[in-house]
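Notes to accompany the following structure.
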Amino acid sequence: MKQNGILKVEGDVRGLIDALSCEEDLHVRWDAAEALGHMGDVRAVGPLIAVLQDIRWAASSALREIGPPAVPPLVAALEGVDEGLREVAAWTLGQMGDERAVKPLIAALGDGVEDVRRAAAGALGRIGDPRAVEALITALGDADACVREAAAGALGQIGDPQALEALIAALAGETQEVCRGAAEALAEIGVPAVMPLIDILEGKIKGRRADMRRPAAWALGQIEDKRAMSPLLATLEDPDRDLRRASAEALGHVGDTGAVEPLIAALEGDADDHVREAAAGALGRIGDTRAAMPLIAALGDPSEGLRRASAEALGRMMEPRGVVSLICSIEDASGSVREAAIRALGQIGDPEAVEPLVSLLRQEDSGAAASPSMGEWGLCKRAAEALGEIGIPAVEPLIAVLEDADKIGRWAAAEALGQIGDVRAVEPLVVALGDSDHDVRKAAAEALGQIGDSRAVGALITALKDVDKGVRWVAAAALGQIGDAHAVEPLTAALDDSSWLVRRAAAKALAEMRRSS
(Lines give C-alpha, C1' and ligand atoms only; values in the text may rest on other atoms or scores of the structure.)
Protein backbone atom coordinates (compact mmCIF):
# COMPACT_ATOMS: atom_id res chain seq x y z
CA MET A 1 0.00 0.00 0.00
CA LYS A 2 1.21 3.49 -0.78
CA GLN A 3 1.95 5.79 2.14
CA ASN A 4 -0.98 8.02 3.12
CA GLY A 5 0.92 11.20 2.39
CA ILE A 6 1.41 10.14 -1.21
CA LEU A 7 -2.22 8.99 -1.50
CA LYS A 8 -3.32 12.40 -0.30
CA VAL A 9 -1.04 14.21 -2.72
CA GLU A 10 -2.45 12.08 -5.55
CA GLY A 11 -6.05 12.65 -4.39
CA ASP A 12 -6.60 8.88 -4.09
CA VAL A 13 -9.82 8.83 -2.06
CA ARG A 14 -10.43 5.13 -2.65
CA GLY A 15 -6.92 4.25 -1.53
CA LEU A 16 -7.36 6.27 1.66
CA ILE A 17 -10.75 4.65 2.34
CA ASP A 18 -9.04 1.25 2.00
CA ALA A 19 -6.36 2.43 4.45
CA LEU A 20 -9.07 3.02 7.09
CA SER A 21 -9.32 -0.75 7.45
CA CYS A 22 -5.58 -1.36 7.84
CA GLU A 23 -5.50 -3.64 10.87
CA GLU A 24 -1.71 -3.82 11.05
CA ASP A 25 -1.11 -0.16 11.95
CA LEU A 26 -3.53 2.09 13.85
CA HIS A 27 -1.48 5.13 12.81
CA VAL A 28 -2.12 4.39 9.14
CA ARG A 29 -5.86 4.42 9.82
CA TRP A 30 -5.58 7.65 11.82
CA ASP A 31 -3.60 9.36 9.05
CA ALA A 32 -6.04 8.14 6.41
CA ALA A 33 -8.99 9.60 8.32
CA GLU A 34 -7.19 12.91 8.71
CA ALA A 35 -6.34 13.03 5.00
CA LEU A 36 -9.92 12.22 3.99
CA GLY A 37 -11.17 15.05 6.19
CA HIS A 38 -8.79 17.51 4.54
CA MET A 39 -9.95 16.36 1.10
CA GLY A 40 -13.63 16.74 2.02
CA ASP A 41 -14.94 14.05 -0.33
CA VAL A 42 -18.46 12.88 0.60
CA ARG A 43 -17.62 9.33 -0.46
CA ALA A 44 -15.66 9.05 2.78
CA VAL A 45 -18.63 9.71 5.09
CA GLY A 46 -19.90 6.13 5.39
CA PRO A 47 -16.46 4.56 5.83
CA LEU A 48 -15.54 7.17 8.44
CA ILE A 49 -18.73 6.49 10.41
CA ALA A 50 -17.89 2.79 10.27
CA VAL A 51 -14.59 3.40 12.09
CA LEU A 52 -15.87 6.01 14.57
CA GLN A 53 -15.68 3.61 17.49
CA ASP A 54 -12.09 2.63 16.69
CA ILE A 55 -10.51 6.01 15.89
CA ARG A 56 -13.02 8.43 17.39
CA TRP A 57 -10.97 11.60 17.38
CA ALA A 58 -9.57 11.28 13.88
CA ALA A 59 -12.81 10.08 12.28
CA SER A 60 -14.93 12.67 14.08
CA SER A 61 -12.54 15.46 13.08
CA ALA A 62 -12.66 14.27 9.47
CA LEU A 63 -16.47 14.18 9.45
CA ARG A 64 -16.53 17.67 10.91
CA GLU A 65 -14.32 18.87 8.06
CA ILE A 66 -16.53 17.22 5.46
CA GLY A 67 -19.41 19.07 7.10
CA PRO A 68 -23.16 19.10 6.33
CA PRO A 69 -23.24 15.98 4.11
CA ALA A 70 -22.15 13.92 7.13
CA VAL A 71 -25.08 14.94 9.35
CA PRO A 72 -27.92 12.71 7.99
CA PRO A 73 -25.80 9.51 8.09
CA LEU A 74 -24.71 10.37 11.63
CA VAL A 75 -28.33 10.90 12.67
CA ALA A 76 -29.13 7.50 11.17
CA ALA A 77 -26.31 6.00 13.27
CA LEU A 78 -27.67 7.78 16.36
CA GLU A 79 -31.00 6.08 15.77
CA GLY A 80 -29.51 2.67 14.93
CA VAL A 81 -29.24 -0.56 16.91
CA ASP A 82 -25.52 -0.42 17.80
CA GLU A 83 -25.38 1.30 21.21
CA GLY A 84 -21.65 2.01 20.99
CA LEU A 85 -22.11 3.69 17.62
CA ARG A 86 -25.12 5.63 18.94
CA GLU A 87 -22.97 7.08 21.71
CA VAL A 88 -20.10 8.14 19.45
CA ALA A 89 -22.51 9.45 16.79
CA ALA A 90 -24.11 11.69 19.42
CA TRP A 91 -20.69 12.93 20.49
CA THR A 92 -19.68 13.63 16.88
CA LEU A 93 -22.91 15.50 16.12
CA GLY A 94 -22.17 17.72 19.08
CA GLN A 95 -18.69 18.40 17.73
CA MET A 96 -20.19 19.37 14.38
CA GLY A 97 -22.74 21.76 15.87
CA ASP A 98 -25.35 21.36 13.15
CA GLU A 99 -28.86 22.37 14.27
CA ARG A 100 -30.42 19.54 12.25
CA ALA A 101 -29.18 17.21 14.97
CA VAL A 102 -31.09 18.92 17.80
CA LYS A 103 -34.36 16.97 17.59
CA PRO A 104 -32.70 13.56 17.18
CA LEU A 105 -30.41 14.34 20.12
CA ILE A 106 -33.38 15.40 22.26
CA ALA A 107 -34.96 12.05 21.43
CA ALA A 108 -31.69 10.34 22.42
CA LEU A 109 -32.06 11.76 25.95
CA GLY A 110 -34.59 8.98 26.37
CA ASP A 111 -32.24 6.24 25.10
CA GLY A 112 -32.10 3.08 27.19
CA VAL A 113 -28.29 3.32 27.50
CA GLU A 114 -26.93 5.89 29.95
CA ASP A 115 -23.77 6.53 27.92
CA VAL A 116 -25.90 7.52 24.93
CA ARG A 117 -28.04 9.84 27.08
CA ARG A 118 -24.91 11.43 28.55
CA ALA A 119 -23.36 11.94 25.11
CA ALA A 120 -26.63 13.39 23.79
CA ALA A 121 -26.81 15.88 26.66
CA GLY A 122 -23.23 16.95 26.09
CA ALA A 123 -23.85 17.32 22.36
CA LEU A 124 -26.91 19.49 22.92
CA GLY A 125 -24.85 21.75 25.15
CA ARG A 126 -22.18 22.16 22.49
CA ILE A 127 -24.80 22.96 19.83
CA GLY A 128 -26.37 25.49 22.19
CA ASP A 129 -29.91 25.48 20.79
CA PRO A 130 -32.55 26.69 23.31
CA ARG A 131 -35.05 24.15 21.95
CA ALA A 132 -33.23 21.59 24.08
CA VAL A 133 -33.68 23.42 27.41
CA GLU A 134 -36.93 21.78 28.51
CA ALA A 135 -35.69 18.28 27.73
CA LEU A 136 -32.39 18.96 29.52
CA ILE A 137 -34.23 20.23 32.60
CA THR A 138 -36.10 16.92 32.59
CA ALA A 139 -32.75 15.12 32.28
CA LEU A 140 -31.65 16.73 35.56
CA GLY A 141 -33.88 14.08 37.12
CA ASP A 142 -32.29 11.17 35.20
CA ALA A 143 -31.58 8.00 37.19
CA ASP A 144 -27.89 8.20 36.24
CA ALA A 145 -25.71 10.81 38.00
CA CYS A 146 -23.41 11.20 34.99
CA VAL A 147 -26.39 12.05 32.78
CA ARG A 148 -27.60 14.57 35.36
CA GLU A 149 -24.15 16.17 35.47
CA ALA A 150 -24.00 16.33 31.65
CA ALA A 151 -27.48 17.86 31.51
CA ALA A 152 -26.47 20.54 34.01
CA GLY A 153 -23.38 21.35 32.00
CA ALA A 154 -25.40 21.54 28.80
CA LEU A 155 -27.88 23.95 30.37
CA GLY A 156 -24.98 26.15 31.38
CA GLN A 157 -23.58 26.15 27.85
CA ILE A 158 -26.98 27.12 26.43
CA GLY A 159 -27.30 29.82 29.09
CA ASP A 160 -31.07 30.12 29.14
CA PRO A 161 -32.32 31.73 32.40
CA GLN A 162 -35.44 29.54 32.39
CA ALA A 163 -33.17 26.77 33.71
CA LEU A 164 -32.24 28.77 36.85
CA GLU A 165 -34.78 27.26 39.24
CA ALA A 166 -33.93 23.70 38.23
CA LEU A 167 -30.19 24.34 38.49
CA ILE A 168 -30.52 25.96 41.92
CA ALA A 169 -32.38 22.83 43.02
CA ALA A 170 -29.63 20.66 41.48
CA LEU A 171 -27.03 22.59 43.48
CA ALA A 172 -28.36 20.68 46.46
CA GLY A 173 -27.98 17.42 44.53
CA GLU A 174 -27.12 14.27 46.36
CA THR A 175 -23.78 13.77 44.56
CA GLN A 176 -20.81 16.11 44.47
CA GLU A 177 -20.52 15.71 40.69
CA VAL A 178 -24.08 16.89 40.02
CA CYS A 179 -23.63 19.75 42.46
CA ARG A 180 -20.43 20.80 40.68
CA GLY A 181 -22.13 20.55 37.29
CA ALA A 182 -24.98 22.75 38.48
CA ALA A 183 -22.56 25.33 39.90
CA GLU A 184 -20.65 25.42 36.60
CA ALA A 185 -23.93 25.84 34.71
CA LEU A 186 -25.03 28.72 36.94
CA ALA A 187 -21.67 30.37 36.42
CA GLU A 188 -22.14 30.05 32.65
CA ILE A 189 -25.62 31.60 32.82
CA GLY A 190 -23.99 34.51 34.61
CA VAL A 191 -25.68 37.69 35.78
CA PRO A 192 -29.26 36.30 36.05
CA ALA A 193 -27.93 33.74 38.56
CA VAL A 194 -26.25 36.26 40.89
CA MET A 195 -29.11 37.07 43.27
CA PRO A 196 -30.26 33.44 43.72
CA LEU A 197 -26.63 32.48 44.45
CA ILE A 198 -26.29 35.32 46.96
CA ASP A 199 -29.50 34.09 48.61
CA ILE A 200 -27.88 30.65 48.97
CA LEU A 201 -24.70 32.19 50.39
CA GLU A 202 -26.71 34.16 52.95
CA GLY A 203 -28.75 31.11 53.95
CA LYS A 204 -32.04 32.32 52.48
CA ILE A 205 -32.26 29.26 50.23
CA LYS A 206 -31.51 25.90 51.81
CA GLY A 207 -31.30 22.40 50.37
CA ARG A 208 -30.42 18.82 51.13
CA ARG A 209 -26.66 19.54 51.07
CA ALA A 210 -25.40 21.42 54.10
CA ASP A 211 -22.41 22.65 52.08
CA MET A 212 -24.25 24.11 49.08
CA ARG A 213 -22.93 27.57 50.02
CA ARG A 214 -19.45 26.53 48.88
CA PRO A 215 -20.36 25.89 45.23
CA ALA A 216 -22.52 29.02 45.36
CA ALA A 217 -19.45 31.04 46.42
CA TRP A 218 -17.42 29.43 43.65
CA ALA A 219 -20.06 30.26 41.03
CA LEU A 220 -20.25 33.87 42.19
CA GLY A 221 -16.51 34.15 41.75
CA GLN A 222 -16.74 32.84 38.20
CA ILE A 223 -19.47 35.35 37.33
CA GLU A 224 -17.32 38.21 38.70
CA ASP A 225 -20.27 40.43 39.62
CA LYS A 226 -19.40 43.19 42.13
CA ARG A 227 -22.70 42.65 43.98
CA ALA A 228 -21.21 39.46 45.39
CA MET A 229 -18.35 41.18 47.20
CA SER A 230 -20.10 42.08 50.47
CA PRO A 231 -21.73 38.62 50.94
CA LEU A 232 -18.40 36.94 50.14
CA LEU A 233 -16.50 39.18 52.57
CA ALA A 234 -18.99 38.28 55.30
CA THR A 235 -18.23 34.58 54.88
CA LEU A 236 -14.48 35.10 55.43
CA GLU A 237 -15.39 34.91 59.14
CA ASP A 238 -17.61 31.80 58.80
CA PRO A 239 -16.80 28.77 61.00
CA ASP A 240 -16.75 26.56 57.86
CA ARG A 241 -13.14 26.66 56.71
CA ASP A 242 -14.02 25.26 53.28
CA LEU A 243 -16.50 28.07 52.78
CA ARG A 244 -13.88 30.63 53.86
CA ARG A 245 -11.51 29.16 51.32
CA ALA A 246 -14.12 29.18 48.52
CA SER A 247 -15.04 32.77 49.34
CA ALA A 248 -11.42 33.94 49.35
CA GLU A 249 -10.89 32.36 45.93
CA ALA A 250 -14.12 33.94 44.66
CA LEU A 251 -13.06 37.39 45.88
CA GLY A 252 -9.93 37.08 43.79
CA HIS A 253 -12.05 36.47 40.71
CA VAL A 254 -14.42 39.34 41.50
CA GLY A 255 -11.30 41.48 41.63
CA ASP A 256 -12.56 44.40 43.70
CA THR A 257 -9.75 46.21 45.54
CA GLY A 258 -12.11 46.65 48.50
CA ALA A 259 -11.33 43.02 49.35
CA VAL A 260 -7.55 43.57 49.64
CA GLU A 261 -7.31 44.41 53.35
CA PRO A 262 -9.67 41.61 54.49
CA LEU A 263 -7.73 39.16 52.31
CA ILE A 264 -4.41 40.34 53.77
CA ALA A 265 -5.92 39.75 57.21
CA ALA A 266 -6.89 36.22 56.14
CA LEU A 267 -3.41 35.65 54.67
CA GLU A 268 -1.75 36.62 57.92
CA GLY A 269 -4.24 35.44 60.51
CA ASP A 270 -6.58 32.64 59.42
CA ALA A 271 -6.15 29.45 61.42
CA ASP A 272 -6.34 27.24 58.31
CA ASP A 273 -3.40 27.02 55.89
CA HIS A 274 -5.67 26.29 52.94
CA VAL A 275 -7.63 29.49 53.56
CA ARG A 276 -4.36 31.41 53.71
CA GLU A 277 -3.29 29.85 50.39
CA ALA A 278 -6.60 30.90 48.84
CA ALA A 279 -6.12 34.44 50.19
CA ALA A 280 -2.64 34.59 48.64
CA GLY A 281 -4.00 33.45 45.28
CA ALA A 282 -6.82 35.99 45.45
CA LEU A 283 -4.42 38.82 46.24
CA GLY A 284 -2.31 37.81 43.26
CA ARG A 285 -5.36 37.97 41.01
CA ILE A 286 -6.43 41.38 42.27
CA GLY A 287 -2.87 42.66 41.82
CA ASP A 288 -2.99 45.49 44.33
CA THR A 289 0.51 46.56 45.43
CA ARG A 290 -0.58 46.67 49.08
CA ALA A 291 -0.32 42.90 49.06
CA ALA A 292 3.31 42.79 47.89
CA MET A 293 5.11 42.87 51.25
CA PRO A 294 2.72 40.45 53.02
CA LEU A 295 3.17 38.01 50.13
CA ILE A 296 6.96 38.38 50.21
CA ALA A 297 6.88 37.69 53.95
CA ALA A 298 4.76 34.58 53.32
CA LEU A 299 7.57 33.10 51.18
CA GLY A 300 9.19 32.22 54.52
CA ASP A 301 6.09 30.65 56.06
CA PRO A 302 6.30 27.06 57.41
CA SER A 303 3.38 26.05 55.14
CA GLU A 304 4.64 24.70 51.82
CA GLY A 305 1.31 25.42 50.16
CA LEU A 306 1.34 29.04 51.30
CA ARG A 307 4.92 29.56 50.10
CA ARG A 308 3.95 28.17 46.70
CA ALA A 309 0.77 30.25 46.48
CA SER A 310 2.66 33.41 47.48
CA ALA A 311 5.31 32.84 44.81
CA GLU A 312 2.58 32.31 42.22
CA ALA A 313 0.81 35.49 43.37
CA LEU A 314 3.98 37.60 43.11
CA GLY A 315 4.54 36.27 39.61
CA ARG A 316 0.98 37.03 38.56
CA MET A 317 1.40 40.56 39.93
CA MET A 318 4.77 40.88 38.16
CA GLU A 319 5.98 42.43 41.38
CA PRO A 320 9.67 43.50 41.04
CA ARG A 321 10.09 43.83 44.81
CA GLY A 322 9.72 40.08 45.04
CA VAL A 323 12.70 39.21 42.81
CA VAL A 324 15.36 38.86 45.53
CA SER A 325 13.16 36.69 47.74
CA LEU A 326 12.02 34.59 44.78
CA ILE A 327 15.65 33.97 43.80
CA CYS A 328 16.15 32.61 47.33
CA SER A 329 13.04 30.46 46.90
CA ILE A 330 14.51 28.57 43.95
CA GLU A 331 16.56 26.79 46.65
CA ASP A 332 13.45 25.94 48.71
CA ALA A 333 13.21 22.43 50.14
CA SER A 334 9.92 21.93 48.30
CA GLY A 335 9.90 21.18 44.59
CA SER A 336 6.52 22.82 44.09
CA VAL A 337 7.77 26.04 45.71
CA ARG A 338 10.93 26.03 43.58
CA GLU A 339 8.84 25.55 40.45
CA ALA A 340 6.49 28.39 41.41
CA ALA A 341 9.41 30.70 42.17
CA ILE A 342 11.06 29.95 38.82
CA ARG A 343 7.83 30.63 36.95
CA ALA A 344 7.31 33.86 38.88
CA LEU A 345 10.78 35.09 37.98
CA GLY A 346 9.98 34.48 34.33
CA GLN A 347 6.71 36.37 34.62
CA ILE A 348 8.38 39.33 36.31
CA GLY A 349 11.08 39.35 33.63
CA ASP A 350 13.82 41.07 35.64
CA PRO A 351 17.31 40.51 34.09
CA GLU A 352 18.63 40.10 37.65
CA ALA A 353 17.14 36.59 37.59
CA VAL A 354 19.06 35.47 34.48
CA GLU A 355 22.23 34.32 36.24
CA PRO A 356 20.46 32.34 39.00
CA LEU A 357 18.18 30.69 36.45
CA VAL A 358 21.06 29.86 34.10
CA SER A 359 22.87 28.27 37.05
CA LEU A 360 19.99 25.80 37.32
CA LEU A 361 20.72 24.64 33.77
CA ARG A 362 24.30 23.85 34.81
CA GLN A 363 23.40 21.78 37.87
CA GLU A 364 24.36 18.13 37.76
CA ASP A 365 22.67 15.74 40.17
CA SER A 366 21.85 18.50 42.65
CA GLY A 367 19.79 17.61 45.66
CA ALA A 368 17.13 20.15 44.74
CA ALA A 369 16.76 18.88 41.20
CA ALA A 370 16.42 15.30 42.39
CA SER A 371 13.33 16.03 44.50
CA PRO A 372 10.59 13.44 43.95
CA SER A 373 8.12 16.24 43.18
CA MET A 374 10.26 17.81 40.50
CA GLY A 375 12.93 15.90 38.61
CA GLU A 376 16.02 17.40 37.08
CA TRP A 377 14.47 17.54 33.62
CA GLY A 378 11.45 19.34 35.01
CA LEU A 379 13.55 21.86 36.93
CA CYS A 380 15.61 22.67 33.84
CA LYS A 381 12.49 22.95 31.70
CA ARG A 382 10.89 25.45 34.08
CA ALA A 383 14.11 27.47 34.24
CA ALA A 384 14.34 27.43 30.44
CA GLU A 385 10.74 28.63 30.11
CA ALA A 386 11.43 31.45 32.57
CA LEU A 387 14.56 32.48 30.67
CA GLY A 388 12.53 32.40 27.48
CA GLU A 389 10.06 34.83 29.04
CA ILE A 390 12.85 37.14 30.18
CA GLY A 391 14.00 37.14 26.57
CA ILE A 392 16.87 39.09 25.01
CA PRO A 393 19.02 39.50 28.17
CA ALA A 394 19.15 35.69 28.42
CA VAL A 395 20.34 34.95 24.86
CA GLU A 396 24.12 35.07 25.30
CA PRO A 397 24.12 33.13 28.61
CA LEU A 398 21.88 30.48 27.02
CA ILE A 399 24.18 30.15 24.01
CA ALA A 400 27.05 29.56 26.45
CA VAL A 401 25.02 26.81 28.18
CA LEU A 402 24.20 25.25 24.80
CA GLU A 403 27.89 24.95 24.07
CA ASP A 404 29.30 23.67 27.36
CA ALA A 405 26.71 22.37 29.86
CA ASP A 406 25.63 18.77 30.42
CA LYS A 407 23.02 17.27 28.11
CA ILE A 408 20.04 18.35 30.23
CA GLY A 409 21.29 21.93 30.31
CA ARG A 410 21.96 21.89 26.56
CA TRP A 411 18.46 20.57 25.87
CA ALA A 412 16.86 23.23 28.08
CA ALA A 413 18.97 26.02 26.58
CA ALA A 414 17.91 25.01 23.06
CA GLU A 415 14.25 25.09 24.09
CA ALA A 416 14.63 28.56 25.62
CA LEU A 417 16.47 29.93 22.60
CA GLY A 418 13.64 28.75 20.36
CA GLN A 419 11.12 30.45 22.63
CA ILE A 420 13.04 33.75 22.45
CA GLY A 421 13.52 33.54 18.69
CA ASP A 422 16.69 35.65 18.46
CA VAL A 423 18.65 35.08 15.22
CA ARG A 424 21.95 35.12 17.14
CA ALA A 425 21.08 31.59 18.22
CA VAL A 426 20.80 30.16 14.68
CA GLU A 427 24.42 29.12 14.17
CA PRO A 428 24.85 27.63 17.68
CA LEU A 429 21.61 25.70 17.21
CA VAL A 430 22.76 24.43 13.81
CA VAL A 431 25.88 23.12 15.54
CA ALA A 432 23.65 21.50 18.19
CA LEU A 433 21.94 19.48 15.44
CA GLY A 434 25.11 17.40 15.55
CA ASP A 435 24.98 16.90 19.34
CA SER A 436 25.64 13.41 20.68
CA ASP A 437 22.30 13.40 22.54
CA HIS A 438 19.12 12.93 20.50
CA ASP A 439 16.99 15.06 22.84
CA VAL A 440 19.35 17.99 22.35
CA ARG A 441 19.26 17.51 18.57
CA LYS A 442 15.47 17.37 18.67
CA ALA A 443 15.23 20.56 20.78
CA ALA A 444 17.65 22.32 18.44
CA ALA A 445 15.59 21.38 15.38
CA GLU A 446 12.41 22.59 17.05
CA ALA A 447 14.05 25.87 18.04
CA LEU A 448 15.30 26.47 14.50
CA GLY A 449 11.77 25.99 13.22
CA GLN A 450 10.50 28.53 15.73
CA ILE A 451 13.14 31.08 14.73
CA GLY A 452 12.40 30.48 11.04
CA ASP A 453 15.76 31.53 9.60
CA SER A 454 16.58 30.02 6.19
CA ARG A 455 20.24 29.57 7.16
CA ALA A 456 19.12 26.46 9.03
CA VAL A 457 17.52 24.75 6.03
CA GLY A 458 20.56 22.75 4.90
CA ALA A 459 21.26 21.39 8.37
CA LEU A 460 17.58 20.51 8.89
CA ILE A 461 17.51 18.67 5.55
CA THR A 462 20.49 16.65 6.80
CA ALA A 463 18.59 16.00 10.04
CA LEU A 464 15.86 14.28 8.00
CA LYS A 465 18.34 11.37 7.83
CA ASP A 466 19.06 11.35 11.59
CA VAL A 467 19.14 7.92 13.22
CA ASP A 468 16.51 9.06 15.73
CA LYS A 469 12.95 9.21 14.41
CA GLY A 470 12.06 11.99 16.86
CA VAL A 471 14.76 14.22 15.40
CA ARG A 472 13.60 13.44 11.86
CA TRP A 473 10.00 14.21 12.85
CA VAL A 474 10.85 17.60 14.35
CA ALA A 475 13.21 18.46 11.49
CA ALA A 476 10.40 17.87 8.98
CA ALA A 477 8.06 20.09 10.99
CA ALA A 478 10.72 22.79 11.26
CA LEU A 479 11.26 22.79 7.50
CA GLY A 480 7.54 23.30 7.05
CA GLN A 481 7.67 26.29 9.41
CA ILE A 482 10.56 27.88 7.53
CA GLY A 483 8.94 27.20 4.16
CA ASP A 484 12.06 27.24 2.00
CA ALA A 485 11.55 25.70 -1.47
CA HIS A 486 14.85 23.80 -1.20
CA ALA A 487 13.14 21.50 1.32
CA VAL A 488 10.39 20.25 -1.03
CA GLU A 489 12.33 17.38 -2.57
CA PRO A 490 13.80 16.08 0.74
CA LEU A 491 10.38 16.32 2.41
CA THR A 492 8.78 14.43 -0.46
CA ALA A 493 11.37 11.70 0.04
CA ALA A 494 10.52 11.66 3.75
CA LEU A 495 6.98 10.55 2.85
CA ASP A 496 8.55 7.08 2.59
CA ASP A 497 10.21 7.24 6.02
CA SER A 498 9.90 4.14 8.20
CA SER A 499 8.21 6.15 10.97
CA TRP A 500 4.58 7.27 10.66
CA LEU A 501 5.45 10.35 12.74
CA VAL A 502 7.99 11.47 10.16
CA ARG A 503 5.68 10.69 7.25
CA ARG A 504 2.88 12.66 8.84
CA ALA A 505 5.14 15.64 9.64
CA ALA A 506 6.52 15.66 6.09
CA ALA A 507 3.04 15.60 4.58
CA LYS A 508 1.94 18.47 6.83
CA ALA A 509 5.07 20.45 6.01
CA LEU A 510 4.51 20.07 2.28
CA ALA A 511 0.86 21.08 2.68
CA GLU A 512 1.89 24.19 4.63
CA MET A 513 4.40 25.12 1.96
CA ARG A 514 1.81 24.72 -0.81
CA ARG A 515 -0.66 26.93 1.07
CA SER A 516 1.90 29.68 1.60
CA SER A 517 3.27 29.62 -1.96
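The values are calculated or read from the model by the stated rules, or taken from the named source; none is laboratory data. As the structure is a prediction and not an experimental result, all values here were calculated from the model. Positions of Cβ are backbone-derived with ideal geometry, glycine not excepted, and every protein chain shown enters the neighbour counts. The accessibility values were calculated without ligands, DNA or RNA, using every heavy atom of the protein model including side chains. Shrake-Rupley method; radii C 1.70, N 1.55, O 1.52, S 1.80 Å.
General observations
- Probe 1.4 Å - accessible area at VAL42, Å² to nearest ten: 90 Å²
- Here is how the number arises for the chain: DSSP H runs of 4 or more residues each give -39500 (n - 2.57), the sum is divided by the residue count, and the result at 222 nm is -20000 deg cm²/dmol.
- Trypsin sites (Lys or Arg not before Pro) within the stretch 176-267, DSSP loop, no more than 13 other Cβ atoms inside 10 Å: LYS204, LYS206, ARG208
- Other residues within the sphere of radius under 11 Å centred on the Cβ of GLU65, judged by their own Cβ, net out at -1 (K and R +1, D and E -1).
- Within the chain: Cβ-based charge dipole about Cα centre, in debye rounded to nearest 20 (Lys, Arg +1; Asp, Glu -1): 900 debye
- Loop GluC sites (Glu not before Pro), the stretch 16-57 (other Cβ atoms within 10 Å of the site Cβ: 11 or fewer; DSSP): GLU23, GLU24
- Accessible area in the full protein assembly, largest first, 1.4 Å probe, for SER516, SER336: SER516, SER336
- Contact order relative to length of the chain, as percent, for alpha carbon pairs under 8 angstrom and 6 or more apart: 6 percent
- Cα-based Lys pair tally, the chain, threshold under 16 Å, eight or more apart or on separate chains: 6
- Counting only protein heavy atoms and using a 1.4 Å probe, the accessible area of LEU85 comes to about 40 Å².
- Heavy-atom accessible area with a 1.4 Å probe sorts TRP500, TRP218, largest first, into TRP218, TRP500.
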